[in-house]
Amino acid sequence: MKISDRTASFSYAIRDVLAVAAEVESQGHRVIKLNIGDPIKYGFKTPKLLTESLKYAEEENYNFYADSQGLLEFREAIADYENSKYNLGITPKEVVATAGVSEGIQMTFMAFTNPKDRTLVPGIHYPSYSGNSNIFKLDTQYYKTVVEDNFYPDPDHIRSLMTENTKLVFLNSPNNPTGSVYPEKIIKEIVDIVGEYDACIVSDETYDKLILDDGLEHIATAKVAKDVPVIAYNGFSKVFLAPGWRLGYAYYHDPEGKIEEPWEGLQKLTRLRLSASTPLQKAGTEALKKDQSSYLPETVKQLRDRRDLMYGRLAEMDGINVYKPEAAFYIFPILELEKFKWKDDKEFVFDFLRKKHVLSVFGSGFGPFGDSGFRMVYLPTLEEIDIAMNRLEDLLNENRI
Ligand SMILES: Cc1ncc(COP(=O)(O)O)c(C=O)c1O
């Protein structure tokens, strides 16, 4: 049998590079892995307020199928949590529990689009957006996000890509892979543009509480969206340091009922997979009642120190143009390829891996605007980051034209 066209049509760079890393390891080398956004793999611990809540959920025998939309108590806790952050006024009815943000993304495509509809995604983006868009046979368009503009979306370019067939416009702030936090003014401009069409903004806010710089604020899109429909995602993978829990949620903002029908469709779809994990939803409910100050400020501080080190080292390297990430744990340096022997980002990334045993991800795996960049995570210890940056510096110096 043959692989389906749909499945053959996408790739996932973040995990694709692992095959070559395994080859390098099989030759006896220790590879420094800077490819995956999983804090636990780098020694961060899931906070007690979550692990104890999970034990409690088990003791209480929360092992039944939950309602497909999610446990009511979980949706209540999520509504309270989101409202406490952003004063949104969302109700439990407007929340759906998902197996991570990933499932929410997939369900949105299923419920909101037909083949050939248009989706807009950031020019450099988390690959699940374009991966799903391609699987669902959509017309995927990439709006401009470049290092010279701090990787902020370009509203004029978004405007030029909008058509009557545009259904979903993805925003992701704080952004993976660039670490950029979108200013309110830009989000508002995009809201106004999308509002002229029968389209919906999809706002992935997975990293909202991992802002690293004082005085900087995450803007919830629903907060500034007025009458423009928004679906927002968040979850427990990053801010709560529990990626393996596979627990997330989606909520919607739709004061004029423009997306009532597809949102009901999305709820119908949840029945197809019966329910999101019940013990995890109960544990999430309990965890949300507790104070995040027991771990979050310390986590943010550790990330800031690591960001400062990696950014500082990169900023000193000739031939690299780097934006200082403001949030999350990714950095996306741009190579001035004309100064080096490599023909493209892939050749560079595989050289970095084979010659210096450091694994990063090639920028073109995040979209066409990323084709001269690469992504690294700054999750390892300061010592490990320093070693990786020494090796990068050596590699650059050995390959200058
Ligand atoms: C922007 C973004 N959205 C969604 C996800 C997936 O999150 P989840 O683990 O909740 O499925 C990730 C994971 O790296 C991400 O970076």
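The values are calculated or read from the model by the stated rules, or taken from the named source; none is laboratory data. Quantities reported herein were computed from a predicted structural model and do not represent experimental measurements. Because the Cβ atoms are built from the backbone with ideal geometry, glycine has one as well, and the counts that use them run over all protein chains shown.
For the range 239-265, enumerate the residues that are within 16 Å of the ligand (Cβ to nearest atom) and of a type outside the set (D, E, K, R).
If we filter the range 239-265 for residues that are within 16 Å of the ligand (Cβ to nearest atom), which is where we start, we get 239-251.
Listed by number, the residues that qualify are Val239, Phe240, Leu241, Ala242, Pro243, Gly244, Trp245, Leu247, Gly248, Tyr249, Ala250, Tyr251.
Counting only residues that are among the hydrophobic types (A, V, I, L, M, F, W, C), touching a strand residue (DSSP E or B) at 6+ places or on another chain (Cβ under 8 Å) and within 25 Å of Tyr330 (Cα to Cα), give me the strands (runs of 3 or more DSSP E) lying completely in the range 119-217 with at least 1 of them. First the steps, then the outcome.
Values: elements: 139-143, 166-172, 200-204.
Because the criterion is at least 1 residues that are among the hydrophobic types (A, V, I, L, M, F, W, C), touching a strand residue (DSSP E or B) at 6+ places or on another chain (Cβ under 8 Å) and within 25 Å of Tyr330 (Cα to Cα), the strands (runs of 3 or more DSSP E) in the range 119-217 that meet it are 166-172, 200-204.
Restricting the search to the range 20-40, which residues are within 12 Å of the ligand (Cβ to nearest atom) and in a helix (DSSP H, G or I)?
Of the range 20-40, the ones within 12 Å of the ligand (Cβ to nearest atom) are 35-40.
The answer is Pro39, Ile40.
Looking at the range 331-351, is at least one residue within 16 Å of the ligand (Cβ to nearest atom), under 20 Å from the mean Cα position of the chain (by Cα) and of a type outside the set (A, V, I, L, M, F, W, C)?
To start, the set of residues in the range 331-351 that are within 16 Å of the ligand (Cβ to nearest atom) comprises 331-332.
Now drop any that are not under 20 Å from the mean Cα position of the chain (by Cα), which leaves 331-332.
Next cut, of a type outside the set (A, V, I, L, M, F, W, C) only: none.
No, the range 331-351 has no match at all.
Any idea which of Leu138, Leu171, Leu120 is out of contact with any His (no Cβ under 6 Å at 6 or more places or on another chain), modelled with pLDDT of 95 or more and within 15 Å of the ligand (Cβ to nearest atom)?
Values: Leu138 fails: within 15 Å of the ligand (Cβ to nearest atom); Leu120 fails: within 15 Å of the ligand (Cβ to nearest atom).
Of the residues listed, the single one that is out of contact with any His (no Cβ under 6 Å at 6 or more places or on another chain), modelled with pLDDT of 95 or more and within 15 Å of the ligand (Cβ to nearest atom) is Leu171.
Among the listed residues Ala66, Ala57, identify the single one that is in contact with a Lys or Arg (Cβ under 7 Å, 6 or more places away or on another chain) and more than 29 Å from Arg354 (Cα to Cα).
Of the residues listed, the single one that is in contact with a Lys or Arg (Cβ under 7 Å, 6 or more places away or on another chain) and more than 29 Å from Arg354 (Cα to Cα) is Ala57.
For the range 222-236, check the following and say yes or no: at least one residue is closer than 30 Å to Pro297 by Cα, surrounded by fewer than 24 Cβ atoms within 10 Å (Cβ to Cβ) and within 11 Å of the ligand (Cβ to nearest atom).
yes
The conditions are (1) under 20 Å from Val169 (Cβ atoms); (2) crowded, with 22+ Cβ neighbours inside 10 Å, and Arg75 fails exactly one of them. Which is it?
The single condition Arg75 does not satisfy is (1).
Does Tyr81 qualify as being among the hydroxyl-bearing types (Ser, Thr, Tyr), assigned to a helix (DSSP H, G or I) and out of contact with any strand residue (DSSP E or B) (no Cβ under 6 Å at 6 or more places or on another chain)? Give the derivation first.
Numbers: among the hydroxyl-bearing types (Ser, Thr, Tyr): yes; assigned to a helix (DSSP H, G or I): yes; out of contact with any strand residue (DSSP E or B) (no Cβ under 6 Å at 6 or more places or on another chain): yes.
The answer is yes for Tyr81.
For the range 188-201, indicate whether the set of residues that are within 16 Å of the chain's Cα centre (by Cα) and in contact (Cβ under 8 Å) with a residue 12 or more places away in the chain is non-empty. Walk me through how you get there before you give the answer.
Initially, the range 188-201 is screened for residues within 16 Å of the chain's Cα centre (by Cα), giving 201.
Restricting the remaining residues to those that are in contact (Cβ under 8 Å) with a residue 12 or more places away in the chain gives 201.
Yes: one or more hits.
From the list Thr98, Thr166, which residue is surrounded by 20 or more Cβ atoms within 10 Å (Cβ to Cβ), out of contact with any Asp or Glu (no Cβ under 9 Å at 6 or more places or on another chain) and either farther than 26 Å from Lys209 by Cβ or assigned by TED's automatic domain parsing to the domain that holds Pro262 (or both)?
Working: Thr166 fails: out of contact with any Asp or Glu (no Cβ under 9 Å at 6 or more places or on another chain).
It is Thr98.
Residues are listed down the side, and each one gets a yes or a no for (1) surrounded by fewer than 18 Cβ atoms within 10 Å (Cβ to Cβ); (2) under 30 Å from Glu52 (Cβ atoms):
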site	(1), (2)
Lys290	yes, yes
Arg304	yes, yes
Leu309	yes, no
Glu316	yes, no
Val322	no, no
Pro333	no, no
Lys339	yes, no
Phe348	no, no
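Please state which one of Leu280, Leu212 is in the same structural domain as Ala77 (by TED's automatic domain parsing) and over 22 Å from Thr108 (Cβ atoms). Talk me through it step by step, then tell me what you get.
Details: Leu280 fails: over 22 Å from Thr108 (Cβ atoms).
The unique qualifying residue is Leu212.
Write out, first by first residue and then by second, each pair whose Cβ atoms fall under 9 Å of each other, whose residues are 6+ apart or on separate chains, and whose first residue, in the range 241-254, is on the phi > 0 side of the Ramachandran plot while the second is near the ligand (Cβ under 9 Å from one of its atoms) and part of a strand (DSSP E or B).
Within 9 Å, the pairs are Arg246/Thr98; Arg246/Gly235.
Please determine, by comparing only the residues of the range 294-330 that are among the polar types (S, T, N, Q) and at pLDDT 95 or above, which one is farthest from the ligand (Cβ to nearest atom). Break it down into steps so the answer makes sense when it comes.
First, the residues of the range 294-330 that are among the polar types (S, T, N, Q): 294, 299, 302, 321.
Now drop any that are not at pLDDT 95 or above, which leaves 299, 302, 321.
On the way: Thr299: 16, Gln302: 18, Asn321: 23 Å.
Looking at the filtered set, the residue picked out is Asn321.
Does at least one position in the range 97-108 carry a residue that is away from the ligand (no atom under 16 Å from the Cβ), closer than 24 Å to Ser4 by Cβ and touching a helix residue (DSSP H, G or I) at 6+ places or on another chain (Cβ under 8 Å)?
The initial filter retains those residues of the range 97-108 that are away from the ligand (no atom under 16 Å from the Cβ), namely none.
No, that holds for no residue.
Yes or no: Thr46 within 16 Å of the ligand (Cβ to nearest atom), in contact with a helix residue (DSSP H, G or I) (Cβ under 8 Å, 6 or more places away or on another chain) and at pLDDT 95 or above?
Numbers: within 16 Å of the ligand (Cβ to nearest atom): yes; in contact with a helix residue (DSSP H, G or I) (Cβ under 8 Å, 6 or more places away or on another chain): yes; at pLDDT 95 or above: yes.
Here the answer is yes, as Thr46 does meet what is asked.
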